Amino acid sequence: MDSGNVANPHEHPRAGTTDVERLYKVAFDLPENLARWARASTERLWTEKTPVRMESRVCNVPFYVKGIALGDIVRVRADNERRELVFEEFVAPSGHSTVRLIILDKTELDRIGSLLKKFECAWEVDGSGILWAIDVPPAVAYDTLLIALMQLKEAGKIEIEESAVAQGHRKGLDTLGQSGGLPTGG
């Protein structure tokens, strides 16, 4: 499974770059239960080389891999048998968060897109059009975004999964949880 179907290329952080030849894919093996749901044993993410040998910066938002966000630094290894680079371990966070949505009501697509644009989030959409992988940049008020998404969830319009929540975004969730808002976790 490749992440790379961009909902709106103007919203994708790598769109329009001229250094595409510097990007390469890294295979992230999925756990068995997730692989069944994804109908793929591996998700391949675009990455770019960093100055450190065998380290890469993630350049797109994962649809299935958990705990990884746009811009995170990961260590990779060459798998000669598979003839590809494979994720080995997480190295450093970028400050971005990854949220996934399953769209239950397609009449809400414009509303959801407008909401994400308002928060300056980028997103990718899988081939089915119902699974969205969302990049939440570090400067976004994540707690406010999450409240808006939870309202759509409670209305039966979407399902939400917090796949990778950055430390800076967690701080806002702690405050929200203490103020009687959303429960913390994820």
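The values are calculated or read from the model by the stated rules, or taken from the named source; none is laboratory data. Everything quoted here is computed from the prediction, not taken from an experiment. Positions of Cβ are backbone-derived with ideal geometry, glycine not excepted, and every protein chain shown enters the neighbour counts.
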Problem set entry | Single condition Tyr142 does not satisfy, out of (1) under 25 Å from Trp37 (Cβ atoms); (2) under 15 Å from the mean Cα position of the chain (by Cα); (3) of a type outside the set (Val, Ile, Thr) | (1)
Problem set entry | Filter result (assigned to a strand (DSSP E or B) and more than 12 Å from the chain's Cα centre (by Cα)) within the range 47-64 | Thr47, Glu48, Lys49, Glu55, Ser56, Arg57
Seminar exercise, completed: Reported set for the range 92-111 where residues are of a type in the set (Val, Ile, Thr), in contact with a strand residue (DSSP E or B) (Cβ under 7 Å, 6 or more places away or on another chain) and either in a helix (DSSP H, G or I) or without any contact (Cβ under 8 Å) to a residue 60 or more places away in the chain (or both) is Ile102, Ile103
Exercise. Which of the residues spanning the range 65-82 are under 14 Å from Asp29 (Cα atoms) and assigned to a loop (DSSP other than H, G, I, E, B)?
Worked result: Val65, Lys66, Gly67, Ile68, Arg82
Exercise. For the range 103-137, what are the residues that are closer than 14 Å to Tyr64 by Cα, out of contact with any helix residue (DSSP H, G or I) (no Cβ under 7 Å at 6 or more places or on another chain) and surrounded by 14 or more Cβ atoms within 10 Å (Cβ to Cβ)?
Worked result: Glu124, Val125, Asp126, Ile130, Leu131, Trp132, Ala133, Asp135
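Evaluate the following for Gly156: is it in a loop (DSSP other than H, G, I, E, B) and at pLDDT 95 or above?
Working: in a loop (DSSP other than H, G, I, E, B): yes; at pLDDT 95 or above: yes.
Considered against the rule, which asks whether it is in a loop (DSSP other than H, G, I, E, B) and at pLDDT 95 or above, Gly156 comes out as yes.
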